[in-house]
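Taking it in order: structure first as structure tokens, then the write-up.
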Amino acid sequence: MLIAVVPVKSMDLAKSRLSGVLNATGRRALARQMLDHVLDTLHQAGIKSVNVEGGDDLNRDAALAAHRAQAAGATELLWVMADLPYLAVEDIAAMIEASRHTPPGSRAVVIAEAKDGGTNALLLRPPTAIGFAFSSSQPSGALHAAEARAKGIEPAILKRPGLARDIDTPADLALLAEHAAYRSYANVA
């Protein structure tokens, strides 16, 4: 059984790096739109169990979510960041497919790298296969890969636009607003 988890900061704290181009109301609206899009995409991809988790320490919160998922009988955990407006059903399918390249019952780690080398999604089998290494000081994609290798698991690294393109900077937001398919986001900019 696969359980998906989407971490969410308090909407009042979301997207603070965009404070130079969006007021607090705009940042909350943007964060809500992106969260709704990620949740809709997960449901459209057929993920039946999706949890939204909030907190102030991403690594601690991820570890707690992984332990809860495993205790609830999950054999896989799909961790997806909430700020992925380009995320598509095909991206979720690619994460799941990449985990299937290992024998059934064996451990698997799939890392979806962000454009800056961070981690925008993880698929772990079992949910506690590795420790979480989200970091603001260095690319967490490489940290998660190193953690997997230290546990004897060769990670699959996915680089897909829908998984890589998050919204962290004013330039990210400007690009999002320029795409005709994403005009609804322009209403908050």
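Put a plus charge on the Cβ of each Lys and Arg, a minus charge on the Cβ of each Asp and Glu, and nothing anywhere else: the dipole of the stretch 33-84 about its Cα centre is then about 260 debye. For the stretch 54-147, the relative contact order is 31 percent, taking Cα pairs closer than 8 Å that sit 6 or more residues apart in sequence and dividing their mean separation by the residue count.
DSSP beta bridges confined to the chain are antiparallel in about 45 percent of cases.
Charged neighbours of Asp61, selected by a Cβ distance under 15 Å, balance to 0 (K, R count +1; D, E count -1).
What 222 nm value per residue comes from the helices of the chain, counting each DSSP H run with n ≥ 4 as -39,500 (n - 2.57) and dividing by all residues, nearest 500 deg cm²/dmol?
Working: 7 runs with 74 residues, N = 189.
Value at 222 nm, helices only: -11500 deg cm²/dmol.
Dipole size in debye (nearest 20) for the stretch 54-109 around its Cα centre, Lys and Arg Cβ +1, Asp and Glu Cβ -1?
320 debye
Comparing mean-square fluctuations of Arg149, Arg160, Arg28 from a GNM of the chain with C-alpha springs under 10 Å, the top value falls on Arg149. Relative contact order of the chain: 25 percent, from C-alpha pairs under 8 Å at least 6 residues apart in sequence. A cut-off under 10 angstrom between Cβ atoms defines the neighbours of Thr102, and their net charge, with Lys, Arg +1 and Asp, Glu -1, is +2. With the chain treated as a Gaussian network of Cα nodes joined by springs under 10 Å, which of Leu30, Leu42, Leu18 yields the largest mean-square fluctuation? Taking springs between Cα atoms under 10 Å, the residue moving most is Leu18.
Across all directions, the average projected area of the convex hull around the alpha carbons of the stretch 56-189 is 8.7 nm². What the chain shows is 47 Å² of accessible area per residue, with the surface traced by a 1.4 Å probe over protein heavy atoms. Here the extension length gained between His179 and Ala72 equals 34.5 nm, from 0.36 nm per residue of separation less the Cα-Cα distance.
Computed from backbone phi with θ = phi - 60° and the Karplus coefficients 6.51, -1.76 and 1.60, the 3J(HN,Hα) list for the stretch 166-178 is 9, 10, 10, 10, x, 5, 4, 5, 4, 5, 4, 5, 6 Hz; x is used for glycine and proline.
Could you tell me which of rounded, prolate or oblate describes the stretch 23-69, using a ≥ b ≥ c as the square roots of the eigenvalues of the alpha-carbon gyration tensor, with rounded for a/c under 1.5 and, failing that, prolate when a/b is larger than b/c and oblate otherwise? Write out the running numbers ahead of the final one.
On the way: a/c = 4.07, a/b = 1.19, b/c = 3.41.
The shape class here is oblate.
Count charges around Asp91 for me, please; just the other residues with Cβ under 15 Å from its Cβ, Lys/Arg as +1, Asp/Glu as -1.
-2
Rounded, prolate or oblate: which fits the stretch 121-176, taking a ≥ b ≥ c as square roots of the Cα gyration tensor eigenvalues, rounded meaning a/c under 1.5, else prolate when a/b beats b/c? Verdict is prolate for the stretch 121-176.
The values are calculated or read from the model by the stated rules, or taken from the named source; none is laboratory data. Since this is a predicted model, take the numbers as computed values, not measurements. Note: ideal-geometry Cβ built from the backbone for every residue, glycine included; neighbour counts use all protein chains shown. Just so you know, the surface numbers come from the protein's heavy atoms only, side chains and all, with ligands and any DNA or RNA stripped out. Shrake-Rupley method; radii C 1.70, N 1.55, O 1.52, S 1.80 Å.
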